[in-house]
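S.K.: Here it is, the structure in full.
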Amino acid sequence: MKRIIRVIYGAGIVILSSSILSSCFLPGFGGGGAPTSSDPGPFSTATGLAYNDDQGGFVVNPFEGQPDGPNLVFIEGGRTVLGSFEEDVMSSRDNLERTVTVASFYMDETEIANIHWLEYLFYIQQDSTRQFYETALPDTMVWAKELAYNDPYVDHYFRYPGFRYFPVVGVTWLQANDYATWRTAAVNSKLAADAGLEVPAESDGRIPLESGVVLPNYRLPTEAEWEYAAQALIGTQWLDENQTHKRLYPWDGHALRNPFGRDMGYFLANFKRGRGDYAGIAGKLNDGAMITAYIYEFPPNDFGLYNMAGNVNEWVLDVYRPLSFHDVEDLNPIRRNDFLDEESNYDTGYDDGTWESLISNKSRVYKGGSWKDVAYWMSPGTRRFLEEDSATATIGFRCAMIRAGSNY
């Protein structure tokens with residue numbers, strides 16, 4: 001005899017048989033085991049109510065995992081030691097070693113290039129105000145120097161087709177964040193369209209996360225994420241949780257030249273070799289770039305990321321403080337603001353116009369070294385800062401993204 005169970009639901013009564021209830025705990029009625037995010041089964045394991053029925057029941061959309069985002073590389077998280085393994089030549093003591101854990105995330109395999117920024121300008125010119133469009137323009141005058149003939153870069157670097165896949169520079173931290181916001185909307189709109197998803201008018205264009213077809217936000221990486229990704233110590237694993245060595249740069253060894261193959265002897269990054277020496281001697285130009293380089297120019301690190309040392313420095317999310325590594329949490333660390341280290345602790349100006357400290361709540365960290373920096377700054381643990389509304393010819397950026405629905 002089949003036992004009948006009545007479940008009170010709203011104003012009505014839902015009648016379920018015990019045979020149905022027993023089967024609703026197994027995905028697809030096939031007895032395939034416990035339900036999962038990608039195979040939740042046809043019924044709720046909490047109430048027994050049906051999913052996706054034609055009676056207005058709860059909708060559970062198909063889900064096969066976080067979609068692949070354009071240009072993103074998966075970075076498996078884990079334990080790392082933040083801080084520089086270089087000598088503290090600046091005596092700043094702002095990057096003392098600290099063991100932390102960084103959750104898995106995604107990061108652009110390359111720096112954002114001029115062509116990407118030109119695409120951005122094209123679309124915001126169509127649907128944004130003239131004022132916003134003008135605020136999004138990179139400052140090409142960052143190349144201008146009174147005592148240097150950099151005029152060709154001022155006029156041509158950003159828009160000339162030959163520089164399309166060179167890193168965009170002259171963008172502030174604020175502009176980089178605006179780009180990440182636009183990129184999120186652009187990528188998710190395409191994903192939704194490809195999936196045939198209609199965005200409800202009442203959502204103000206926001207694509208529901210529950211749809212399962214959209215990505216989390218693109219954003220700047222945290223300082224910890226950036227440093228972890230640059231070290232790429234996944235390539236030094238040996239046996240069970242043992243690392244054979246640490247790294248001074250994003251590659252093995254203390255040398256700056258490639259020790260293997262047909263590129264033996266060539267530098268592994270684009271940097272300033274010494275006073276007045278940006279690329280070497282004609283006929284044997286070594287790092288091959290007197291200014292920035294092609295974003296795929298040098299070998300990627302063990303995570304598959306290009307130019308995590310040299311080429312351009314890169315903005316990260318964090319506000320700069322000298323003792324951030326002491327203050328932050330040891331899981332997914334970030335300094336968002338002046339919590340525990342208030343701006344008032346720093347003398348940022350006097351009535352007579354002199355300055356003692358440049359540290360403020362608008363000071364943002366940048367990392368990685370550039371075409372204009374000596375090798376010291378290419379060590380992932382080194383850190384510098386600049387006002388968030390400032391731009392130079394040596395700072396660009398790349399985006400990152402969380403890995404949603406993951407506990408590692």
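S.K.: Against the definition (outside the structural domain of Y51 (by TED's automatic domain parsing) and at pLDDT below 95), how does Q237 come out, yes or no?
M.R.: Details: outside the structural domain of Y51 (by TED's automatic domain parsing): yes; at pLDDT below 95: yes.
Yes; evaluated as a whole, the condition is true for this residue.
S.K.: Given the criteria in contact with a helix residue (DSSP H, G or I) (Cβ under 9 Å, 6 or more places away or on another chain), small (G, A, S) and assigned by TED's automatic domain parsing to the domain that holds T110, does A269 qualify?
M.R.: Numbers: in contact with a helix residue (DSSP H, G or I) (Cβ under 9 Å, 6 or more places away or on another chain): yes; small (G, A, S): yes; assigned by TED's automatic domain parsing to the domain that holds T110: yes.
Answer is yes for this residue.
S.K.: If V169 meets every condition in (1) modelled with pLDDT under 95; (2) part of a loop (DSSP other than H, G, I, E, B) apart from one, which number is that one?
M.R.: Of (1) modelled with pLDDT under 95; (2) part of a loop (DSSP other than H, G, I, E, B), only one is false for V169: (1).
S.K.: Let me ask something additional. Which one of the conditions (1) buried (at least 18 other Cβ atoms within 10 Å of the Cβ); (2) in a loop (DSSP other than H, G, I, E, B) does N188 fail to meet, given that it meets all the rest?
M.R.: (2)
S.K.: Does L174 count as free of Cβ contacts under 8 Å to residues at least 60 places away in the same chain and out of contact with any Ser or Thr (no Cβ under 6 Å at 6 or more places or on another chain)? Walk me through how you get there before you give the answer.
M.R.: Values: free of Cβ contacts under 8 Å to residues at least 60 places away in the same chain: no; out of contact with any Ser or Thr (no Cβ under 6 Å at 6 or more places or on another chain): yes.
Judged against the criteria, L174 is not a match.
Residues are listed down the side, and each one gets a yes or a no for (1) over 15 Å from the mean Cα position of the chain (by Cα); (2) in contact (Cβ under 8 Å) with a residue 24 or more places away in the chain:
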position	(1), (2)
Y179	no, yes
S211	yes, yes
E223	no, yes
D252	yes, no
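S.K.: For segment 84-94, enumerate the residues that are surrounded by fewer than 17 Cβ atoms within 10 Å (Cβ to Cβ) and of a type in the set (S, T, N, Q).
M.R.: S91, S92
S.K.: Just name the residue that is surrounded by the fewest Cβ atoms within 10 Å (Cβ to Cβ) out of those in segment 355-408 that are closer than 30 Å to L209 by Cβ and at pLDDT below 95.
M.R.: Checking each candidate, the answer is N407.
Quick grid of which residues meet (1) under 25 Å from T292 (Cβ atoms); (2) exposed (fewer than 13 other Cβ atoms within 10 Å of the Cβ):
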site	(1), (2)
L220	yes, no
E223	yes, no
W226	yes, no
A229	yes, no
L239	no, yes
T244	no, yes
P250	yes, no
G265	yes, yes
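S.K.: Another question, if that's okay. What number of residues within segment 53-83 are surrounded by 13 or more Cβ atoms within 10 Å (Cβ to Cβ) and either within 21 Å of E210 (Cβ to Cβ) or without any contact (Cβ under 8 Å) to a residue 12 or more places away in the chain (or both)?
M.R.: 7
S.K.: Evaluate the following for K372: is it within 23 Å of V73 (Cβ to Cβ), in the same structural domain as L256 (by TED's automatic domain parsing) and basic (K, R)? Steps first, please.
M.R.: Values: within 23 Å of V73 (Cβ to Cβ): no; in the same structural domain as L256 (by TED's automatic domain parsing): yes; basic (K, R): yes.
No: the conditions fail for K372.
S.K.: From (1) outside any helix (DSSP H, G or I); (2) closer than 21 Å to F298 by Cα, pick out the condition that doesn't hold for E227.
M.R.: Here E227 meets the rest and fails (1).
S.K.: Of the residues in segment 284-315, how many are acidic (D, E) and free of Cβ contacts under 8 Å to residues at least 40 places away in the same chain?
M.R.: If we filter segment 284-315 for residues that are acidic (D, E), which is where we start, we get 287, 297, 302, 314.
After this cut, where a residue has to be free of Cβ contacts under 8 Å to residues at least 40 places away in the same chain as well, the list is 287, 297.
Of the residues in that region, 2 qualify.
Each row is one residue, and each column tells you yes or no for (1) crowded, with 22+ Cβ neighbours inside 10 Å; (2) in a loop (DSSP other than H, G, I, E, B).
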{"residue": "T292", "(1), (2)": "yes, yes"}
{"residue": "E297", "(1), (2)": "no, yes"}
{"residue": "G304", "(1), (2)": "no, yes"}
{"residue": "A309", "(1), (2)": "yes, yes"}
{"residue": "E314", "(1), (2)": "yes, no"}
{"residue": "D318", "(1), (2)": "yes, no"}
{"residue": "P322", "(1), (2)": "no, yes"}
{"residue": "E329", "(1), (2)": "no, yes"}
{"residue": "I334", "(1), (2)": "no, yes"}
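S.K.: If you check E342, E387, which single one turns out to be in contact (Cβ under 8 Å) with a residue 24 or more places away in the chain, in the same structural domain as Y157 (by TED's automatic domain parsing) and either out of contact with any strand residue (DSSP E or B) (no Cβ under 6 Å at 6 or more places or on another chain) or within 25 Å of Y249 (Cβ to Cβ) (or both)?
M.R.: On the way: E342 fails: in contact (Cβ under 8 Å) with a residue 24 or more places away in the chain.
Going through E342, E387 in turn, the sole match is E387.
S.K.: Please work out which residue is farthest from Y376 (Cα to Cα), limiting yourself to segment 270-290 and to residues that are surrounded by 13 or more Cβ atoms within 10 Å (Cβ to Cβ) and aliphatic (A, V, I, L, M).
M.R.: L285
The values are calculated or read from the model by the stated rules, or taken from the named source; none is laboratory data. Predicted model, so just to flag it, every value in this text is computed and none were measured. So basically every Cβ, Gly included, is an ideal-geometry build from the backbone, and we count neighbours across all protein chains shown.
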